[in-house]
Amino acid sequence: MDYSIVKRNILGPLSGELYVSLFFFSGLAVILMLYVFAQQKRDKNSPNTPVHFSWKFMLWDNAKKLVVTIILLFLIFRFSSEAFNREPSMWFAVGVGVLISMGVTWAIQYFLSKATFFQMDREKWMAGVVEKAKAELYNQQGG
């Protein structure tokens, strides 16, 4: 098996060094945007967040968003060179980092607002589950 072909198919026409550079600059933009959003949206009175700003908490709290962002960045960098027939620049990486960070945040907020599962009355739902279990148990006992 010729691994150079696999590498070329995965990385496309870009070098590994260029990917590292693109991820560095887009990563700086993503972290900067996370910091800006954290300063605007952080509820200091919430028991789930620290009173003083913490980089560790911010990165850990946004871990899933960061994983999705890294995947999207790779896909954009991989296919943008073929779509535009030129190497992406570092300015492109910064812009993509900012836009992807804002886009992922917007998409998460949009889907959470549309998802009825996250807004349901869990106590009412749990009471229904308990009632069904009681009814099944009563029927199994021959009642």
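The values are calculated or read from the model by the stated rules, or taken from the named source; none is laboratory data. None of these values were measured; they are calculated from a predicted model. Because the Cβ atoms are built from the backbone with ideal geometry, glycine has one as well, and the counts that use them run over all protein chains shown. With ligands, DNA and RNA removed, areas are computed over all heavy atoms of the protein, side chains included. Shrake-Rupley method; radii C 1.70, N 1.55, O 1.52, S 1.80 Å.
Before moving on, here are some points about what is shown:
- Linear extension gain, F84 paired with L99, 0.36 nm per residue minus alpha-carbon span: 3.6 nm
- Rounded to 10°, Cα long-axis angle of helix 16-41 versus longest principal axis of the chain: 40
- Net charge dipole size for region 1-72 [Lys, Arg +1 and Asp, Glu -1 on Cβ; Debye, nearest 20]: 220
- For the peptides 96-103, 107-114, the ranking by mean Cβ contacts within 10 Å, running from highest to lowest, is 96-103, 107-114.
- Long-range tail of P(r) for region 28-68 (Cα pairs > 15 Å, %): 37
- Per-residue extension of 0.36 nm, minus the Cα-Cα distance of V51 and Q141, leaves a gain of 27.0 nm for this segment.
- Residues M126, M58, M90, M33, sorted by accessible area with the largest first, give M126, M90, M33, M58 [1.4 Å probe; ligands and nucleic acids excluded].
- The order of the peptides 133-141, 78-86 by mean Cβ neighbours within 10 Å, most packed first, is 78-86, 133-141.
- Relative packing of peptides 64-70, 37-43 - highest average C-beta neighbours within 10 Å first: 64-70, 37-43
- For P(r) over Cα pairs in 5 Å bins from 0, in percent, the value computed from the atomic coordinates appears in the list [x] 2, 9, 17, 22, 22, 14, 8, 4, 2, 1, 0; [y] 2, 8, 13, 13, 13, 11, 9, 8, 6, 5, 5, 4, 2, 1, 0; [z] 2, 10, 18, 18, 18, 12, 9, 6, 4, 2, 1, 0, 0 under label [y].
- Solvent-accessible area of region 9-143 (1.4 angstrom probe, protein heavy atoms only): carbon and sulfur portion equals 66 percent.
- Accessible area (Å², per residue) of region 10-143, counting only protein heavy atoms and a probe of 1.4 Å: 75
- Lysine pair number, Cα distance threshold 16 Å (strictly under), the chain, separation 8 or more or different chains: 6
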